[in-house]
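Working notes, beginning with the structure itself.
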Amino acid sequence: MDPMPDSVLPDGIRSRLLPDINGLDIHILEAGHETSGRPAVLLLHGFPELAYSWRRVLPALAAAGYHAIAPDQRGYGRTTGWSADYDAELSSFRFLMLLRDMIGVLFALGHRTAEAVVGHDFGAAIASFLALVRPDIFKRMVLMSAPFGGVPAVPFDTAGQSPASKAPDIHAALAALPRPRKHYQWYQSTRGANENQWHARQGVHDFLRAYYHYKSADWKANKPFELKGWTAEELARMPTYYIMDLAEGMAETVAKEMPSAAEVAANTWLPDRELKVYSDEYARTGFQGGLNWYRVRTSGLIGREYEAFTGRTIDVPATFISGKSDWGNYQSPGALDRMQRSACTNMKEIHFVEGAGHWVQQEQPEEVNRLLVQFLKAT
């Protein structure tokens, strides 16, 4: 696999491959690498994104004096060594493996610590795990679009007690609604999800265009609010990119919200030439690598890993930056509140950025860069 061509990268960003890291050859984008001795900032993307999602953040961090590093994570882009077979060993995508990947990236580049780990979407889940488990390496944490609600509790003092009753089946409840629904994370874990998106009737490029549009502030109906609880009726108040119609796949779901040609032409945060970088990569790789992250979550592997750290909190300096129009802030009812009250003991500030939906670092990069640098310099 070759690095990403300079023709698609902003000035000051370099693409290269780091060979033989935890069984992978990891592709990274970086800025500020020309000057030795700079502290590292590690940037972790989500789904369906790439290291390229940080193209407007990397130069700003470099200008502020940091070595900014954004990898294509395991399962994505130009990073190779993982299997795209649905039946391949799923445990290679567990969080401890992703932690080992990121330690390997830092060490390969000559850094024993990162001044901060910054994560967006599913990358925020990884960032929170890194800060929880290795605060000696990852000295600060910035989460975007996905609050950290804390480590699940392990049942305590249960000897001789009756077994706890099982929680209601949320999937059966969603399917039984007058408008039958399903949760997107469990859909994305199914065998057919990759085929549905990779070979979407509208093509990968238009699939991604609709997906990004639907979850952005450009889709004016994105007006999120706190849900009352984890019930079918409450979850069904979210848009269909989270709580899907039961009979439809993701490609059909987002196709209904495809922006017009005029809206596409007017888009400045993701013009077609930049979207083509994503669509070219996903047309080549498919989506299964990223979808395996959902499968690790819905299979319970992540929960079992977290239980090894029961009672732990994230104690490094932290901040949360998200789009004001991002439903990701509320998709797990109560997580935002728990993050501030108990899960993170050193949470500095919560920022909701105007004019941004789920893709905050792409939709409003100038404000994100200002908040990031402000946080790094103040702590």
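What to note about this one:
- All aspartates and glutamates inside 14 Å of Lys324 as judged from Cα atoms, apart from same-chain residues fewer than 8 positions distant: Asp218, Glu226, Glu354, Glu363, Glu367
- At full extension, Ser260 and Ala108 could sit 50.2 nm farther apart than now, given 0.36 nm per residue minus the alpha carbon distance.
- Percent accessible area from carbon and sulfur atoms, the chain, protein chains only, probe 1.4 Å: 51 percent
- The slack in the chain from Glu349 to Arg273, taken as 0.36 nm per residue of separation less the alpha-carbon distance, amounts to 23.9 nm.
- Relative contact order of the stretch 1-58, pairs being alpha-carbon contacts under 8 Å that are 6 or more residues apart, as %: 27 percent
- Among the listed pairs Lys215/Lys348; Lys182/Lys256; Lys166/Lys228; Lys215/Lys256; Lys256/Lys276, those with a Cα-Cα distance over 24 Å are Lys215/Lys348.
- Relative contact order %, the stretch 20-154, counting alpha carbon pairs below 8 Å whose residues are six or more apart: 27 percent
- Pairwise Cα inverse-distance average, inverted: Kirkwood Rh of the chain (Å): 21.1 Å
- Across the chain, the mean sequence separation of Cα contacts (distance under 8 Å, 6 or more residues apart), normalised by length, yields a relative contact order of 20 percent.
- When the trypsin sites (Lys or Arg not before Pro) in the stretch 101-195 are filtered for DSSP coil states and for at most 14 other beta-carbon atoms within 10 Å of their beta-carbon, the remaining sites are Arg112, Lys166, Arg191.
- Charged-residue dipole, Cβ positions (Lys, Arg, Asp, Glu), the stretch 54-192 about Cα centre, Debye nearest 20: 360 debye
- Projecting the Cα atoms of Pro180, His33, Phe148 onto the dipole axis of the chain, where Lys and Arg carry +1 and Asp and Glu carry -1 at the beta carbon, places Phe148 farthest toward the positive end.
- Per residue, the stretch 100-253 exposes 44 Å² of solvent-accessible protein surface, assessed with a 1.4 angstrom probe and all protein chains in place.
- Listed residues His205, His111, His120 arranged by accessible area, highest first, probe 1.4 Å: His205, His111, His120
- Summing Cβ point charges (Lys, Arg +1; Asp, Glu -1) relative to the Cα centre of the chain gives a dipole of roughly 640 debye.
- Modelled FRET efficiency - R0 25 Å, Ser299 with Arg100, Cβ distances, 0.05 increments: 0.80
The values are calculated or read from the model by the stated rules, or taken from the named source; none is laboratory data. Computed from a prediction, not measured in an experiment: that's the story for all the values here. In this analysis, Cβ positions are derived from the backbone assuming ideal geometry, glycine residues included, and neighbour counts consider all displayed protein chains. These accessible areas exclude ligands, DNA and RNA; they are computed on the full protein's heavy atoms, side chains included. Shrake-Rupley method; radii C 1.70, N 1.55, O 1.52, S 1.80 Å.
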